[in-house]
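Every number in this text was worked out from the coordinates using simple rules, so none of it is lab data. None of the values given here were measured: they were computed from a predicted structure. Because the Cβ atoms are built from the backbone with ideal geometry, glycine has one as well, and the counts that use them run over all protein chains shown.
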Amino acid sequence: MSTPLILGIESSCDETAVALVRGDRTILSHRLAGQEAAHAPYGGVVPEIAARAHVEILPSLVEGALADAGVKLTDVDAIAATAGPGLIGGVMVGLVTAKALALAANKPLVAVNHLEGHALSPRLTDPDLAYPYLLLLVSGGHCQLLRVDGVGQYRRLGTTIDDAAGEAFDKTAKVLGLGYPGGPRVEAAAMEGDAKAVPLPRPLVGTPDPHFSFAGLKSAVLRAHDAGIHSTPDIAASFQQAVVDCLLDRTKLALHLAGPVSALVVAGGVAANRAVRGALEGLAAANGLRFVAPPLWLCTDNAAMIAWAGAERFMAGHSDPLDVAARPRWPL
Ligand code: KG4
Ligand code: ZN
């Protein structure tokens, strides 16, 4: 079977999503329901509220995605779902739904690591992206530099020793009173500000291993805000520049450590940030490498990337038993 049809489910954080993707990279349909309004009053994702919302919306998204694609459940070759890492209540909702569908339709189940979904997402829209590639995976929960050698084959070169980059964006948004979700709001505020206005640290820049640290930067933003002398756009722009400088320096080092790679790739929610994309594109060009970033909608959480990672796994001969566990932590 060269082009299997995969139904993918994502529910590990605050997006509920279902997609139908073929092994030849055709995205037949993708549906996504965000939960922004439900979490906004709390300034961040409340796990219990997220899990309940997934339960309520998921069945209609499955029906809708099948209808949009014009296929029936029996036409699907395998059911893929995020099995971790993430907020465990939400992960369980998606995984149990996938198990029920697999059981009802007598189809194989593919348990997908959410990080693998992000890591392989650039290959869904770029058929020419060949292994190995250097991946900067920057999301709300993770900040890693990986050499991607193949499906299930990852060499981790660097990771964060405290916060993830997206977390730093979200916390900065909270300090600056920009609300939730933070990343896009900080980016918008930064457009109006001066990136050189506020002196902020670049943690771990220049150190010999390509790790990250953002906790100190977050505290520095809080101090700058409390000092009351800088405007919100200036703090946002200076913060964003500091993050970009850290990502760039660490990625540059990882490129030297990774050995020959086919491309520099960025994925995960923070890859939606235009300043981050622009800086990495420049780094790739300076090294004579291709730069690949998924379209914005594929950077943040979605089910097409889960269906695609499921397709890659399924085509490589992998499937999982129906008693496979949901995992809150699951390093790649
Ligand atoms: O990949 P993702 O949707 O969920 C996780 O797996 O974590 O990433 C969400 C993270 C959030 O921290 C969000 O603030 C950040 O990605 N993000 C951004 C932007 N869009 C989303 N950060 C900076 N600039 C953006 N435009
Ligand atoms: Zn994610």
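What the table below lists for this structure:
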{"quantity": "Ranked 305, 315, 92, criterion: other C-beta atoms within 10 Å, fewest first", "calculated": "315, 92, 305"}
{"quantity": "Fewest-first sequence of 211, 118 by Cβ atoms within 10 Å of each Cβ", "calculated": "211, 118"}
{"quantity": "Three-way shape label, region 1-48, alpha-carbon gyration tensor, a/c 1.5", "calculated": "prolate"}
{"quantity": "Between region 51-101 and region 210-248, the Cα center-to-center distance that results, in Å", "calculated": "38"}
{"quantity": "Environment charge at residue 254 (Cβ cut-off 13 Å; Lys +1, Arg +1, Asp -1, Glu -1)", "calculated": "+3"}
{"quantity": "Normalised contact order of the chain, rounded percent, pairs of Cα under 8 Å and 6 or more residues apart", "calculated": "24"}
{"quantity": "With Cα atoms, 0 to 90° folded angle of helix 114-125 axis to the chain main axis", "calculated": "80"}
{"quantity": "Theoretical FRET efficiency, 1/(1+(r/R0)^6), r = Cβ-Cβ of residue 252 and residue 72, R0 35 Å, to 0.05", "calculated": "0.10"}
{"quantity": "Residue exposure sequence - 143, 13 - by fewest surrounding Cβ within 10 Å", "calculated": "13, 143"}
{"quantity": "Given charges at beta-carbon only (K, R positive; D, E negative), |dipole| of region 132-261 in Debye", "calculated": "240"}
{"quantity": "Using a Förster distance of 41 Å, the FRET efficiency for residue 229-residue 285 (Cβ separation, nearest 0.05)", "calculated": "0.65"}
{"quantity": "Residue (of 41, 179, 216) at the positive-pole extreme of the chain, dipole from beta-carbon charges", "calculated": "216"}
{"quantity": "Gap separating the Cα centres of region 112-191 and region 267-315, nearest whole Å", "calculated": "8"}
{"quantity": "Net length gained if the chain between residue 103 and residue 26 were fully extended (0.36 nm per residue, minus Cα distance)", "calculated": "25.2 nm"}
{"quantity": "Under 5 Å, built H, 5+ apart or other chain: amide partners of residue 212", "calculated": "159, 160, 161"}
{"quantity": "Radius 10 Å from Cβ of residue 77, net charge of other residues (Lys, Arg +1; Asp, Glu -1)", "calculated": "+1"}
{"quantity": "Note, ³J(HN,Hα) from phi for region 48-53, Karplus 6.51, -1.76, 1.60, rounded to Hz, x at Gly and Pro", "calculated": "5, 5, 4, 4, 5, 5"}
{"quantity": "Positive-end residue, the chain charge dipole about Cα centroid, Cβ charges, pick of 20, 69, 260", "calculated": "260"}
{"quantity": "Gyration tensor verdict on region 132-261 (Cα atoms; rounded if a/c is under 1.5, prolate if a/b is larger than b/c, oblate otherwise)", "calculated": "prolate"}
{"quantity": "Full-stretch length increase - residue 126, residue 329 - with 0.36 nm per residue and alpha-carbon distance subtracted", "calculated": "70.2 nm"}
{"quantity": "Neighbourhood net charge (11 Å Cβ-Cβ; Lys/Arg +1, Asp/Glu -1) for residue 203", "calculated": "-1"}
{"quantity": "Rounded tilt (10° steps) of 232-258 against the dominant C-alpha axis of the chain", "calculated": "70"}
{"quantity": "Net dipole in debye of the chain [+1 Lys, Arg Cβ; -1 Asp, Glu Cβ; about Cα centre; nearest 20]", "calculated": "480"}
{"quantity": "Spin-label model distance (nm) - residue 207 vs residue 48, 7 Å beyond Cα toward Cβ", "calculated": "3.7"}
